[in-house]
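The next block holds one structure in the form of structure tokens; read it before the comments.
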């Protein structure tokens, strides 16, 4: 291939012999051998290792922080942030206790969806008071938790608790003590726990009840729009901040947030994306080990390339306190916390991060842990109390005293039909936001790109690799003379990522006829699609070769030599059937294929080939891969020819479909990806005789409507028409 790799390893075959081989299959690797590619290994899950590498400079951190923060927002379905609707809060049922009061609260985070909780206030305090948001983890029955007298007696003996009541009702104990210290405290329910019963905490997909128009949580339709329990719970936290900031007795400049276990997850997630909390204390959760064992702590994209320690680091330089126990956090002293200390030191706030290791206790939210929280908030919320602060005994509230629902305030409906109606309305409001972004001029096109391309960058997860990241396996490089052509076979590698891509290249043997252009041919049959069954280049490929192009084709992940039988992967693997644990830690098969195209593109444009122009053509069910690659690569692809075949992510009904893409339907679906091609040259088939409106709008806003060609002819004519357009 024009000494394209600067190496020569010739293996000449006659055209007759080549045709004989192609009648079966030409391979890069020996028969039966798969590429040595990390993506063929078992999928990662929440129990992996998630180290944090502190940045080398403030500037590097600012860039990285923006990326991770956007990744969280996309994962939570909060990019763009939903338009905030009226909370319509109801506060009732005040209970008077010694030094504090407790009231029942519910409000609407979304129209028709209620956040429920308890509002603790100190008595006889004037002026604006600090406020603490207190989400909780997976303690049985949440705010209503009672661990029973027998179990707590052992906790008293072990020194884990000071009073029986405090040990039995740990969540109330935290709020009571903080209120007695002078804080307003709002403890709100996890989704599906205590008074929050409209949506189950771990919803189950009910395929028989789901359609393209109506669906519940944990379904392909919901995940294609990034509608998850994690996202709902995270948005509830943001609206809880809105609620407390609206209270007349609250100092919005002194907001603390703390929770243990899953409540710790809610704490560091909310504090990572909302600037209002000033002090945080996620207890027994932040670590480089297990990242969260519930679907409410996981979502697609959330921890791909990052983890809880780095997410917690987004709070820096504000005060961050943590505890560790004899659980998954037990190694935090040596793995994670030293890196957080260096990170805070870089930002000039080394004393604003603290870890209290309590490894003689199991996973807990006990008095000893709570005492560390009291001290941290006393210092950083400037409560002015003398340390140590000792938790006092109190009279717990009963479930009727805590529950927000009663005859005068009946609980809202919460069946599967409610889920369907809620998610349909949420999808409609999200689409209204996206529709409002439809570009009309250069400025609005820039904003559309900020949102939609910003989401795409998160979903694909990386751009074109650098030259230095790309290598080829010399032992497999071979060039075969086939008449006037040369066929090159090689393995394209990204050594640092342990990825390997089997590639074919075709070009005219006479190197002087190369026009310095490369066409990347993309097809579900992989590199084999360059040839007919008779072993000849397809008519379209031959036409490109005759015009002086080099043509590259690869077996993208899950195609060709990536499978034992050479057939395209029929079903993508899942982590024990769990969607959030699969796509929260692993890129989808669709994403892997787009990344492979970006690798191939970088190679064609890089030092080994140095092409002046690289075009990409996606046919026969590969157009959406090319559309996504173009959305990421922009003008690095000269011309893009895309046959969509009418594909839409919203029509995929199974998680293990290799083309399933979490969030794929949210941002104007495939037409939204294609719109990101503007203003670059684009040929489009598979959409009938009318451009998708968002595509037309984007090219018009870019001032280049003539740069897009719509083909509406017969399917048999698509290949020839696409190639003719490339050759214009």
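Quick note: the coordinates plus some simple rules give every number you see, no bench work behind them. In this text the structure is predicted, and so the values were computed from the model without any measurement. In this analysis, Cβ positions are derived from the backbone assuming ideal geometry, glycine residues included, and neighbour counts consider all displayed protein chains.
With the Cα gyration tensor of segment 580-645 giving a ≥ b ≥ c as the square roots of its eigenvalues, does the rule (a/c under 1.5 for rounded; else a/b larger than b/c for prolate; else oblate) give rounded, prolate or oblate? Oblate, since a/c reaches 1.5 and b/c is not below a/b.
With both residues required to sit in the chain, DSSP beta bridges show an antiparallel share near 50%.
In terms of the mean number of neighbouring beta-carbon atoms within 10 Å, the peptides 256-265, 62-71, 373-382 order highest first as 256-265, 373-382, 62-71. Rounded, prolate or oblate: pick one for segment 352-402, where a ≥ b ≥ c are the square roots of the eigenvalues of its C-alpha gyration tensor, a/c under 1.5 means rounded, and failing that, prolate if a/b is larger than b/c, else oblate. Here segment 352-402 falls in the oblate category. Helices in the chain, meaning DSSP H runs of at least 4 residues, each add -39500 (n - 2.57). Divided by all residues, the mean residue ellipticity at 222 nm is -9000 deg cm²/dmol. Across all Cα pairs in segment 425-467, the calculated P(r) in 5 Å bins from zero up to the longest distance comes to 6, 19, 19, 20, 18, 10, 5, 3, 1, 0 percent per bin.
Stick to the Cα atoms of segment 137-186, pair each with every other, and give me the Kirkwood hydrodynamic radius in Å at one decimal. It would help to have the intermediate numbers written out before the result.
On the way: mean 1/r = 0.0872 Å⁻¹.
Over segment 137-186, the inverse of the mean reciprocal pair distance is 11.5 Å.
In terms of its alpha-carbon gyration tensor, segment 236-362 comes out prolate; a/c meets the 1.5 threshold, and the first ratio a/b outweighs b/c. With bins 5 Å wide beginning at 0, the percent of Cα pairs of segment 662-712 falling in each bin runs 5, 22, 33, 24, 12, 4, 0. To test your reading of the geometry: what angle, between 0 and 90 degrees and rounded to tens, separates the Cα axis of helix 229-245 from the longest principal axis of the chain? Taking Cα atoms only, the helix is inclined about 50 degrees.
For segment 519-661, the Kirkwood estimate of the hydrodynamic radius, built from every pair of different alpha carbons, is 16.0 Å. Could you tell me what % of all Cα pairs in segment 409-499 have separations over 16 Å? Of the Cα pairs, 77 percent sit more than 16 Å apart.
Which order do peptides 537-543, 184-190, 34-40 fall in by mean Cβ count within 10 Å, highest first? Intermediate values should be presented prior to the final figure.
Numbers: 537-543: 18.9, 184-190: 26.1, 34-40: 16.6.
Descending packing order for the listed peptides: 184-190, 537-543, 34-40.
If you take the Cα centroid of segment 428-490 and the Cα centroid of segment 571-633, the two points sit 7 Å apart.
Seen against the Cα atoms of the chain and their longest principal axis, helix 589-605 is set at about 50 degrees. Can you give me the P(r) profile for segment 189-238? Cα pairs, bins 5 angstrom wide beginning at 0, each as a whole percent. Taking every Cα pair in segment 189-238, the percentages come to 5, 21, 27, 24, 16, 7, 1.
Please report, in cubic angstrom per residue, the volume enclosed by the convex hull of the alpha-carbon atoms of segment 610-722. Each step should come with its number before you reach the end.
On the way: hull volume 12.7 nm³, N = 113.
Enclosed volume per residue, from the Cα hull, is 113 Å³.
Taking label points 7 Å from Cα along the Cα-to-Cβ direction, residue 87 and residue 728 give a separation of 5.6 nm. Among 502-513, 48-59, 213-224, sorting by the average number of other beta carbon atoms lying within 10 angstrom of each residue, highest first, gives 213-224, 502-513, 48-59.
With viscosity set to 1.002 mPa s at 20 °C, what whole-number translational diffusion coefficient in µm²/s follows for segment 132-244 from Stokes-Einstein and a Kirkwood radius over Cα pairs?
On the way: Rh = 16.4 Å.
My calculation gives 130 µm²/s for D.
Cα centroids of segment 44-101 and segment 258-300: 8 Å apart. Backbone N atoms of segment 153-179 closer than 11 Å to the 7 Å Cα→Cβ label point of residue 392 belong to residues 177.
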